[in-house]
Amino acid sequence: MSYINDSFGFINQSKISFEDNRIKLFAPAGADIMNSAISGAPKNTVPFYYKNISGDFKISVKVTPQFLTTYESGSILLFENDNKWVKYEFEKTQNDEPRVASAITDGVTDIANGQLIEVPSVIMQIIRKGSSMVFHYSVDGENLKLHRIAPCKLSNELKVGICVQCPIGEGAWVEFEDLFIDKNIPEDIKNGK
């Protein structure tokens, strides 16, 4: 199913626009989601456009951030509650490098920075099968690369969609293209196809 559906909802609503197969979502200044392993303080102020999905699924989307400031990102977010969620993002990391990164939160957020991305857009995909999450990305739209496989015990029904963050900047737009959520998952989840 594509993103054009009345059953999508919003948490921390922000400016959003739709054109053909593209969604532009604005991250206001300070927007962030994190349950810090350092400070222990949880925060969830990210604009999150989502659909309720139960069971196994695959979500994929092409993400193009502006990358005006450090930690700005566009993400896929799987959300149960403020203490249990999974985020897969295209982020300008602390070294001002654009990377795919994943964050798995079960009380505290576990972050894994991944591959340096040297193109302005990346296709991101998460497959959920039971309590397993499989993260892939593609820089050319054809070849999927594995970022991470991780166990993650979340409830059967989740809020599934896209979010944007700009924790230290003055705000930024992120473009999402070809957002798809599919209940039919690939047989070979490790390769993503």
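Of all residues in segment 149-170, those being among the basic types (Lys, Arg) and either open to solvent by less than 20 Å² (accessible area, probe 1.4 Å) or modelled with pLDDT under 95 (or both) number 1.
Consider Ile123 carefully, then state whether it is farther than 21 Å from Ser54 by Cα, in contact with a Leu (Cβ under 9 Å, 6 or more places away or on another chain) and in contact (Cβ under 8 Å) with a residue 60 or more places away in the chain. Yes; evaluated as a whole, the condition is true for this residue. From the list Asp178, Asp182, the lone residue that is of a type outside the set (A, V, I, L, M, F, W, C), within 15 Å of the chain's Cα centre (by Cα) and farther than 21 Å from Asn35 by Cβ is Asp178.
In summary, Asp140 fulfils each of the numbered conditions (1) part of a strand (DSSP E or B); (2) open to solvent by 80 Å² or more (accessible area, probe 1.4 Å) with the single exception of condition (1). Taking segment 52-67 as the range and being more than 21 Å from Ser132 (Cβ to Cβ) and either modelled with pLDDT under 95 or open to solvent by less than 20 Å² (accessible area, probe 1.4 Å) (or both) as the test, the residues that pass are Val63, Pro65. Is it the case that segment 19-34 has a residue that's farther than 14 Å from Pro167 by Cα and free of Cβ contacts under 8 Å to residues at least 60 places away in the same chain? Looking through segment 19-34, at least one residue is farther than 14 Å from Pro167 by Cα and free of Cβ contacts under 8 Å to residues at least 60 places away in the same chain. What are the residues in segment 1-49 that are part of a loop (DSSP other than H, G, I, E, B), within 27 Å of Gly107 (Cβ to Cβ), at pLDDT below 90 and open to solvent by 60 Å² or more (accessible area, probe 1.4 Å), if any? Of everything in segment 1-49, those that are part of a loop (DSSP other than H, G, I, E, B), within 27 Å of Gly107 (Cβ to Cβ), at pLDDT below 90 and open to solvent by 60 Å² or more (accessible area, probe 1.4 Å) turn out to be Ala37, Ile38, Ser39.
Take the residues in segment 171-187 that are outside any strand (DSSP E or B) and open to solvent by less than 60 Å² (accessible area, probe 1.4 Å); name whichever of them is modelled with the lowest pLDDT. Only one residue tops the list, namely Pro186.
Does at least one position in segment 121-133 carry a residue that is over 13 Å from Val61 (Cβ atoms), in contact with a Ser or Thr (Cβ under 6 Å, 6 or more places away or on another chain), in a strand (DSSP E or B) and not hydroxyl-bearing (Ser, Thr, Tyr)? There is no residue in segment 121-133 that is over 13 Å from Val61 (Cβ atoms), in contact with a Ser or Thr (Cβ under 6 Å, 6 or more places away or on another chain), in a strand (DSSP E or B) and not hydroxyl-bearing (Ser, Thr, Tyr). For the subset of segment 149-170 comprising residues that are outside any loop (DSSP other than H, G, I, E, B) and among the aliphatic types (A, V, I, L, M), which member is nearest to Gln66 (Cα to Cα)? Only one residue tops the list, namely Val164. Of all residues in segment 70-110, those satisfying the criterion of being in contact (Cβ under 8 Å) with a residue 60 or more places away in the chain, over 12 Å from the mean Cα position of the chain (by Cα) and not in a loop (DSSP other than H, G, I, E, B) are Glu80, Lys84, Thr105, Val108, Thr109, Asp110.
The values are calculated or read from the model by the stated rules, or taken from the named source; none is laboratory data. Note that the structure is predicted; figures quoted are calculated from it, not measured. Methodologically, a virtual Cβ is constructed for each residue, glycine included, from the backbone with ideal geometry; neighbour enumeration extends over all protein chains shown. We work out accessible area using only protein heavy atoms, side chains counted, and drop any ligands, DNA or RNA first. Shrake-Rupley method; radii C 1.70, N 1.55, O 1.52, S 1.80 Å.
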